[in-house]
Every structure is written in C-alpha cells, then in structure tokens.
1. So Tyr53 fits all but one of (1) out of contact with any Lys or Arg (no Cβ under 8 Å at 6 or more places or on another chain); (2) surrounded by 13 or more Cβ atoms within 10 Å (Cβ to Cβ); what number is the exception?
2. Of all residues in segment 22-69 being in contact with a Phe, Trp or Tyr (Cβ under 8 Å, 6 or more places away or on another chain) and hydroxyl-bearing (Ser, Thr, Tyr), which is nearest to Glu2 (Cα to Cα)?
3. Give the residues of segment 29-49 that are farther than 14 Å from Glu61 by Cα and either out of contact with any strand residue (DSSP E or B) (no Cβ under 6 Å at 6 or more places or on another chain) or among the acidic types (Asp, Glu) (or both), sorted by residue number.
4. Out of everything in segment 1-23 that is over 14 Å from Glu62 (Cα atoms) and basic (Lys, Arg), what residue ends up being surrounded by the fewest Cβ atoms within 10 Å (Cβ to Cβ)?
5. Report, by residue number, each residue of segment 1-15 that is touching a residue at least 24 places away in the same chain (Cβ under 8 Å) and either outside any loop (DSSP other than H, G, I, E, B) or out of contact with any strand residue (DSSP E or B) (no Cβ under 8 Å at 6 or more places or on another chain) (or both).
6. If a residue must be modelled with pLDDT under 95 and β-branched (Val, Ile, Thr), how many such residues does segment 44-69 contain?
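The values are calculated or read from the model by the stated rules, or taken from the named source; none is laboratory data. All values reported here derive from a predicted model rather than from experimental measurement. Cβ placement follows ideal geometry from the backbone for every residue including glycine, while neighbour counts extend to all protein chains displayed.
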Amino acid sequence: MERIYHVRKNGHGWKSILENAGRTLVTGENKNEVVDRTIAMAKSHAKSSVIIYKVDGTVHEERHFPKVA
C-alpha cells in the first residue's frame with residue numbers, strides 16, 4: 001500500500017500530512033526543512049510519494065520512493 005504525504009503551507013509555516021490519516025506529521029517555519037523531514041519518513045516505507053505544494057496551493061513537485069529508474 002502506497003503512503004502519500006502532502007507538504008502544504010499552514011498559516012505562517014509549513015506542514016506535512018499523511019493522506020487519509022488526517023493528521024499532521026511534521027510542522028515548521030521553513031518549507032525545505034519540512035520537505036526534508038517528510039522525505040526521510042517517506043523513504044522508510046516500501047512505496048511512498050511526497051507531493052509538495054506552492055504557497056498558492058498548486059502542486060510544485062511530486063517525488064516517489066523508492067526512486068524508479
């Protein structure tokens with residue numbers, strides 16, 4: 001089962017949420033810090049994706065783990 005994480009703007013900072021779990025996993029003021037910590041969690045699972053959003057709520061990037069060649 002694939003785990004999907006979403007990194008979104010949250011007030012004055014950023015947060016990552018695990019899809020379908022409805023709970024915040026990582027929070028921080030710096031987007032890159034939240035992205036890095038979320039990716040570290042995603043890599044610990046057999047199959048996962050991290051969807052990173054821009055400030056305006058549109059998708060900026062999507063990363064998949066493990067990396068597909």
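1. (1)
2. Ser48
3. Glu29, Asn30, Glu33, Ala40, Met41, Ser44, Ala46, Lys47
4. Arg23
5. Initial filter on segment 1-15 (touching a residue at least 24 places away in the same chain (Cβ under 8 Å)): 1-9.
Those that are touching a residue at least 24 places away in the same chain (Cβ under 8 Å) and either outside any loop (DSSP other than H, G, I, E, B) or out of contact with any strand residue (DSSP E or B) (no Cβ under 8 Å at 6 or more places or on another chain) (or both): Met1, Arg3, Ile4, Tyr5, His6, Val7, Arg8, Lys9.
6. The total comes to 1.
Quick grid of which residues meet (1) under 10 Å from Arg8 (Cα atoms); (2) in a strand (DSSP E or B); (3) among the β-branched types (Val, Ile, Thr):
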{"site": "Thr24", "(1), (2), (3)": "no, yes, yes"}
{"site": "Val34", "(1), (2), (3)": "yes, no, yes"}
{"site": "Arg37", "(1), (2), (3)": "no, no, no"}
{"site": "Met41", "(1), (2), (3)": "no, no, no"}
{"site": "Ala46", "(1), (2), (3)": "no, no, no"}
{"site": "Val50", "(1), (2), (3)": "no, yes, yes"}
{"site": "Gly57", "(1), (2), (3)": "yes, no, no"}
{"site": "Glu61", "(1), (2), (3)": "no, yes, no"}
